[in-house]
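Written out below as structure tokens is the structure these notes cover.
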Amino acid sequence: MTHAEVLIVGAGPAGIAAATAAARTSRSVLLLDDNHAPGGQIWRTDSLAPNPRDRHRDAALTSLQQSGAQLLFNTRVCDAPAPGILTTLSGEAITHIEYDKLILATGARERLLPFPGWTLPGVSGAGGLQALTKGGFPIAGKRVVVAGTGPLLIAVAAHLAAAHANIVCVAEQATLTQMAAFASAIASSPAKIWQGIKFRAQLRGAPYHTSTWPIAALGDTHLTSVRLTDGSRTWEEPCDYLACGFHLVPNTELASLLGCTFNGDFVAVDVLQRTSIGNIYCAGEPVAIGGLDAALIQGEIAGLAATDQLQQAQALHQRHATSLQRFVTRLEAAFRLRPELLTLAHPEDIVCRCEDVRFEQLVPYTSWTAAKLQTRCGMGPCQGRICGPATQSLFGWKPTSVRAPLSPVPVSAFIQFDLRTPTAPQEIP
Amino acid sequence: MHYDVIIIGAGIVGCACARECATAGLKVAIIEHHIPAAATTAAGMGHIVTMDDSPAQLALTAYSRGLWQQLAPQLPASAEYEACGTLWVAADDEEMAGVSAKQSVYTAAGIASSTLSPDVLASAEPALRRGLSGGFLVPDDAVVYPPASAQYFLQQAQASGTVLLQARVIRAANHSVQLADATILHTGKIIIATGADISLTPTLPIQKRKGHLLITDRYPGLIHHQIVELGYLKSAHKLTADSVAFNVQPRQTGQILIGSSRQYGNDDPGLDQRILAAMLERAISYIPALARVSGIRAWTGFRAATPDKLPLIGPTEDHSVFLAMGFEGLGITNATGAARLLADHLLLRPSAIPLTPYLPERIKQEAYAHA
Amino acid sequence: MPTPDAITVAVNGQPLQVARGTTAAAAFALASAPCRLSTTGDPRSGVCGMGICFECRAIVDGVRHVRTCQLPCYDGMKLETQQ
């Protein structure tokens, strides 16, 4: 069994900041992630090569490398079999990792909402298309509509534009008033690390529509156009890709499996980022959708607190807590979903993509549990990660408790979940 | 409000009882405190299997399986009824030696079966490991998705006027049912069908027998039958020790359901990694390809086990209270038969098989003390 | 960014040159092939790009249900649309 004094799950900005702060002490720090490089979604990279466009990222990665923290990639947490132990999967191999302190920096994923055609190839999350591009897909010359809501849309559009995509337009469902309030808040933010609106200049003249949202993705076996509306006018934009996400939902499944207390949809933490479980900390989006600034500061606080650098941790909290909280509130207000978005799905549209469960099949049920049982909604390999938040938005259904494994594992790996040496197969004394 | 029958528990047994009673013209209410078919019914495999533990068990499972076969054409697609048959496999010559006697028992009961040589077994299920001694095929056994089947029974009952109430029952005796909010419902008869929950019948010698299952992603064509080791009978017969057995099921979706385990004295619904690991190792030992198959989800459930491994179906000392409980691992199979037998009894109709072996009166406190 | 040296993979039997570092999901997109057909037969490709949605599952070197969005291509890799 591997042992780390401080184990950090998730190598996005929060995890990187936490690992860097924790490794300044002489403690053993292990940072793991299911991707093959650090950076998380926002700093996703294929190498540690410098990126001239993002000095924050480069500085953070350099500090991480110099910190002495051990990095473990292509590794995903699948169980928490006992207090102080996580079970991880890498390839088909299981490793149990013992920890004294655990920092959860599991980030967020996009909220995806069903609408006609949303399952067509060519339609993906906004971050999803960005990831595909960073994964080597040449987006140059492709016509892309970026739609949905949240600061990620502009960041993705800017990234795709830089890769020479033809950005047809960005369709943000929030109103101009909401966006203006958010933009002025960003402009007055002292740290300005959150990059949101400044990407606007990089959109190369692509139209940026507010109060506009997609109502259908059209095409036969691949997307050919997107139908957009601003509530009064409806039009079609021919395109090759639709990058579409409706802001973010926190990845809190591990926190839930560990038994951390929640505050609504988020993991409850104190000023030192401590969860309800004494030796478990949480930072970044699982605590509140607060963006890059919050992730870096909370990550650092968690890393400091987990290594008993309490004064520095407290000072950091005092310096930033108010502005971070203000930003969370502003994000929430700016990108609140308009009610029209919850009526986009037609009866025949798929809601659960794993099991192809249609909207009309879900209508008779009054709870997630009953719908799951009778329709298979959420019973596929994603375990409701996509349709769970969607049905929460659409029907107000609350998710049920999380069970191991957190994501599918080979049957042979399940056997190694057992902390003890496997006993003789037939008879168990 | 006065009902002819109030059924407590909307698992597959309660729902089947509601359907039988309501379609026969009785005024029925069915009471469930949670979500229909979400407890033992949802946790089970859904194997419609003839079992020869005892003559009474064989009679009930064969009768019930026949009722399922009659129902099959009208079941909704969501019930995923698939007559895939049960293939019992012999790991060694000793297990194979028992097959001819088993086949005689099945033949005498009018149940089709055949004995498979090692070669025929290998071609019937190429994924099985080589070197097995043969198999015993019961071709008319089947598989269903239990929650959707129960839902179908419930909908049929509701179409015949059954009322579904969401409430917790705190007392059921003497023609009346008291709900947690103090409401009292009056009824001719009460059927208690609460699975492994014996809070209304605390003196019954029903023990929870914990089981584990794991479901995989879709691998259509990897296996074709419900495949069970013949050693299962040895393992399932044990009344005390924990045990695991090789028992895998092809779902209509192409998914594979992997079982099975049995534990007494463990009321914790959490996964027991030691048991799960042993169960999966056993499955892989029979079907090596399962090792690399993607497992999506594992869960546990509680079977309601009686000391003599037969269910409790029929009246109690309180002549207004009837039981449909204690089905152990055969609740899905026997739901149809138990419901029909109970309805026959309540309606004074002749029944196709005698109810006597399943009557609750056979259970004595002494038996409990020895269990 | 992917380094310029190219490797060859097969997507549904057709050879495809991709830059080293390209993900298997990107190879499917380059070949205009869906990663999988859904349970009712609709073509699907990756959605979240971060290993969560499972829409990018495909058959990789004969193994079913492999997520391709976080999986770098290697020379000789065989990718098939999962039916």
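Can you tell me which residue within the range B:323-371, out of those that are assigned to a loop (DSSP other than H, G, I, E, B) and at pLDDT below 95, is surrounded by the fewest Cβ atoms within 10 Å (Cβ to Cβ)? Working first, answer last.
Of the residues in the range B:323-371, the ones assigned to a loop (DSSP other than H, G, I, E, B) are B:326-327, B:347-355, B:359, B:363-364, B:371.
If we keep only those that are at pLDDT below 95 as well, we get B:363-364, B:371.
Values: B:Ile363: 21, B:Lys364: 11, B:Ala371: 15.
Across the range B:323-371, the extreme among qualifying residues is B:Lys364.
Those residues that are open to solvent by 10 Å² or more (accessible area, probe 1.4 Å) and not aliphatic (A, V, I, L, M), I need them from the range A:13-29; list them, please.
Listed by number, the residues that qualify are A:Pro13, A:Thr20, A:Arg24, A:Thr25, A:Ser26, A:Arg27, A:Ser28.
Answer yes if at least one residue in the range A:11-23 is part of a loop (DSSP other than H, G, I, E, B), of a type in the set (Val, Ile, Thr) and farther than 29 Å from C:Cys73 by Cβ, and no otherwise.
Taking the range A:11-23 as the starting set, the residues that turn out to be part of a loop (DSSP other than H, G, I, E, B) are A:11-12.
Narrowing the set further to residues that are of a type in the set (Val, Ile, Thr) leaves none.
Scanning the range A:11-23 turns up no residue that is part of a loop (DSSP other than H, G, I, E, B), of a type in the set (Val, Ile, Thr) and farther than 29 Å from C:Cys73 by Cβ.
Taking the condition of being open to solvent by 40 Å² or more (accessible area, probe 1.4 Å) and either away from chain C (no Cβ under 14 Å) or outside any loop (DSSP other than H, G, I, E, B) (or both), how many residues in the range A:339-356 meet it? Steps first, answer last, please.
Step one: filter the range A:339-356 for residues open to solvent by 40 Å² or more (accessible area, probe 1.4 Å), giving A:339-340, A:342-343, A:346-348.
So of that shortlist, the ones also either away from chain C (no Cβ under 14 Å) or outside any loop (DSSP other than H, G, I, E, B) (or both) come out as A:339-340, A:342-343, A:346-347.
Looking only at that region, the number is 6.
To keep it simple, each residue is scored yes or no on (1) open to solvent by 30 Å² or more (accessible area, probe 1.4 Å); (2) at pLDDT 95 or above.
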site	(1), (2)
C:Asn12	yes, yes
C:Gly21	no, no
C:Leu30	yes, yes
C:Cys35	no, yes
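Consider A:Ala82 carefully, then state whether it is within 20 Å of A:Gly278 (Cα to Cα), within 14 Å of another protein chain (Cβ to nearest Cβ), open to solvent by 20 Å² or more (accessible area, probe 1.4 Å) and of a type outside the set (Ser, Thr, Tyr). Reasoning before the result, please.
Details: within 20 Å of A:Gly278 (Cα to Cα): yes; within 14 Å of another protein chain (Cβ to nearest Cβ): yes; open to solvent by 20 Å² or more (accessible area, probe 1.4 Å): yes; of a type outside the set (Ser, Thr, Tyr): yes.
Criteria met by A:Ala82.
Does the range A:105-115 contain at least one residue that is more than 10 Å from every other protein chain (Cβ to nearest Cβ), of a type in the set (S, T, N, Q), open to solvent by less than 50 Å² (accessible area, probe 1.4 Å) and over 23 Å from C:Pro72 (Cβ atoms)?
No - not one qualifying residue is present in the range A:105-115.
Assess whether A:Leu242 counts as being crowded, with 17+ Cβ neighbours inside 10 Å, under 24 Å from the mean Cα position of the chain (by Cα), at pLDDT below 95 and of a type outside the set (Lys, Arg). Spell out the reasoning first.
Details: crowded, with 17+ Cβ neighbours inside 10 Å: yes; under 24 Å from the mean Cα position of the chain (by Cα): yes; at pLDDT below 95: no; of a type outside the set (Lys, Arg): yes.
No: the conditions fail for A:Leu242.
Kindly indicate which of A:Ser401, A:Ser323 is part of a loop (DSSP other than H, G, I, E, B) and surrounded by fewer than 23 Cβ atoms within 10 Å (Cβ to Cβ). Walk me through how you get there before you give the answer.
Values: A:Ser323 fails: part of a loop (DSSP other than H, G, I, E, B).
Checking each option against the conditions leaves just A:Ser401.
Inside the range A:72-106, can you point out the residues that are within 24 Å of A:Tyr281 (Cβ to Cβ), out of contact with any strand residue (DSSP E or B) (no Cβ under 8 Å at 6 or more places or on another chain) and either among the small types (Gly, Ala, Ser) or in a strand (DSSP E or B) (or both)?
Within the range A:72-106, A:Ala82 is the sole residue that qualifies.
Go through the range A:287-312 residue by residue and tally those that are over 20 Å from A:Leu30 (Cα atoms) and open to solvent by less than 50 Å² (accessible area, probe 1.4 Å).
Qualifying residue count for the region: 8.
Which condition from (1) at the interface with chain A (Cβ under 7 Å from one of its Cβ atoms); (2) modelled with pLDDT of 95 or more is the one that C:Tyr74 breaks?
(1)
Give the residues of the range B:275-307 that are among the small types (Gly, Ala, Ser), more than 25 Å from B:Ala42 (Cβ to Cβ) and either in contact (Cβ under 8 Å) with a residue 60 or more places away in the chain or not in a helix (DSSP H, G or I) (or both), sorted by residue number.
Of the range B:275-307, the ones among the small types (Gly, Ala, Ser) are B:277-278, B:283, B:285, B:289, B:291, B:294-295, B:298, B:301, B:304-305.
Checking which are more than 25 Å from B:Ala42 (Cβ to Cβ) leaves us with B:285, B:289, B:291.
Once the filter is applied, which keeps residues that are among the small types (Gly, Ala, Ser), more than 25 Å from B:Ala42 (Cβ to Cβ) and either in contact (Cβ under 8 Å) with a residue 60 or more places away in the chain or not in a helix (DSSP H, G or I) (or both), the range B:275-307 yields B:Ser285, B:Ala289.
Scan (1) modelled with pLDDT under 90; (2) facing chain B (nearest Cβ under 7 Å) for the single condition A:Gln416 breaks and write down its number.
Here A:Gln416 meets the rest and fails (2).
What strands (runs of 3 or more DSSP E) completely inside the range A:200-240 contain at least 2 residues that are in contact with a Gly (Cβ under 6 Å, 6 or more places away or on another chain)?
Working: elements: A:213-219, A:223-229, A:234-238.
Filter on the range A:200-240 gives A:213-219.
Of the residues in the range A:420-429, how many are more than 7 Å from chain B (Cβ to nearest Cβ) and either at pLDDT 80 or above or under 20 Å from A:Ala93 (Cα atoms) (or both)?
The total comes to 1.
For the range A:370-401, enumerate the residues that are closer than 17 Å to A:Leu257 by Cβ and away from chain B (no Cβ under 11 Å).
A:Arg385, A:Gly388, A:Lys398, A:Pro399
Report whether or not B:Gly259 is part of a strand (DSSP E or B) and within 25 Å of B:Asp53 (Cα to Cα). Steps first, answer last, please.
Numbers: part of a strand (DSSP E or B): yes; within 25 Å of B:Asp53 (Cα to Cα): yes.
Yes: the conditions hold for B:Gly259.
The values are calculated or read from the model by the stated rules, or taken from the named source; none is laboratory data. Predicted model only: the values in this text are computed from it and were never measured. For neighbour counting, all protein chains shown are included, and Cβ atoms are generated from backbone atoms with ideal geometry for every residue, glycine included. Note: accessible area is taken over every heavy atom of the protein model, side chains too, but ligands, DNA and RNA are not part of it. Shrake-Rupley method; radii C 1.70, N 1.55, O 1.52, S 1.80 Å.
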